[in-house]
1. What is the chain's relative contact order, in percent, from Cα pairs under 8 angstrom and six or more apart in sequence?
2. From the P(r) of region 86-219, can you give the percent of Cα pairs sitting at distances over 27 Å?
3. Give me the one-decimal Kirkwood hydrodynamic radius in Å for region 1-156, with the sum taken over alpha-carbon pairs.
4. To the nearest 500 deg cm²/dmol, what mean residue ellipticity at 222 nm is calculated for the chain from DSSP H runs of n ≥ 4 alone, each contributing -39,500 (n - 2.57), summed and divided by the residues?
5. Please state, rounded to one decimal and in Å, the Kirkwood hydrodynamic radius that region 78-135 gives when every pair of distinct Cα atoms enters the mean of 1/r.
6. I'm checking a number: the convex hull volume of the Cα atoms of region 197-249, normalised per residue, in Å³. What is it?
7. Using just the Cα positions, wrap region 201-301 in a convex hull and report its mean projected area in square nanometres, one decimal place.
8. Can you quote the Å³ per residue value for the convex hull of the Cα atoms in region 252-343, rounded to an integer?
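Each reported figure results from applying straightforward, stated rules to the coordinates on display, with no laboratory input. For clarity, every value in this text was computed on a predicted model and none was experimentally measured.
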């Protein structure tokens with residue numbers, strides 16, 4: 001019998017698998033599995049041992065096939081940004097390193113590897129050592145998403161209108177930094193790198209700027225990962241399933257080894273268009289069904305995705321990341337229904 005890791009790798013490689021693997025992109029929900037304060041992991045020093053315990057406790061409770069390796073943060077403190085870690089909440093930016101764009105010239109992309117990232121890699125190494133049977137992905141932001149984090153998203157969107165050269169400069173810096181991060185975090189550990197790209201979003205940027213800034217930068221990261229023989233998954237937000245977005249869907253799906261579509265998309269036309277292009281990921285809406293339930297609604301949504309994705313190389317996940325505050329029992333319902341359908 002093959003391990004969950006082997007099944008996940010096969011599905012991402014567009015090979016036939018005996019069942020659909022489950023890969024919820026957990027960033028902080030593991031904290032709830034052990035009722036751990038957020039600032040206990042993200043304290044003065046990142047607590048790798050506690051992070052490992054949280055990741056593995058959640059997996060034991062839910063039974064998913066793939067972890068993200070550690071309790072994650074997109075902290076940009078290494079470039080002078082500020083993050084808040086509320087005791088029972090999710091990490092968030094409270095200060096943006098490049099709100100004064102002149103500060104960009106003070107830093108090099110290689111500086112992204114700081115103490116916190118080194119501790120997160122230690123966590124991933126330990127999770128891999130303790131559970132080599134599980135798949136493991138590294139979660140990093142997409143290039144435009146990181147640019148929005150570092151500049152403040154509203155300011156960055158205005159820059160696209162008023163100063164496109166500045167946008168190109170910042171996205172280039174972020175791309176170079178993410179290549180460093182992806183290589184450092186994944187080499188020798190990861191089965192894939194997840195490019196979590198909520199702001200790499202044609203609904204927000206417009207199709208032209210998405211093609212100009214986001215897709216080429218994502219390709220640069222993916223190309224470097226392919227040099228290391230590490231697969232990648234691209235997860236932009238926005239609607240790709242409508243007929244007028246067909247060409248943009250195909251351009252986006254062909255960038256990486258896997259394409260995860262977000263909430264608001266109809267899975268059936270995506271399945272029909274992309275079944276021979278890449279592995280497909282997507283699933284229950286994390287902001288409605290998965291958060292609110294009830295169980296019957298979650299089961300219905302799982303069944304819908306399984307039915308409409310039949311015949312594709314499909315990896316079930318949720319519509320976006322899962323974070324603390326989401327009922328763990330609802331995530332378990334997804335896993336149990338997936339196992340029932342596979343039996």
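1. Worked out over the chain, it gives 21 percent.
2. The proportion of pairs with Cα distances above 27 Å equals 25 percent.
3. Details: mean 1/r = 0.0593 Å⁻¹.
For region 1-156, inverting the mean 1/r across all distinct Cα pairs yields 16.9 Å.
4. The per-residue figure over the chain is -13500 deg cm²/dmol.
5. Final number for the Kirkwood radius of region 78-135 is 14.0 Å.
6. Normalising the Cα hull of region 197-249 by residue number yields 77 Å³.
7. 7.1 nm²
8. Dividing the Cα hull volume of region 252-343 by its residue count gives 92 Å³.
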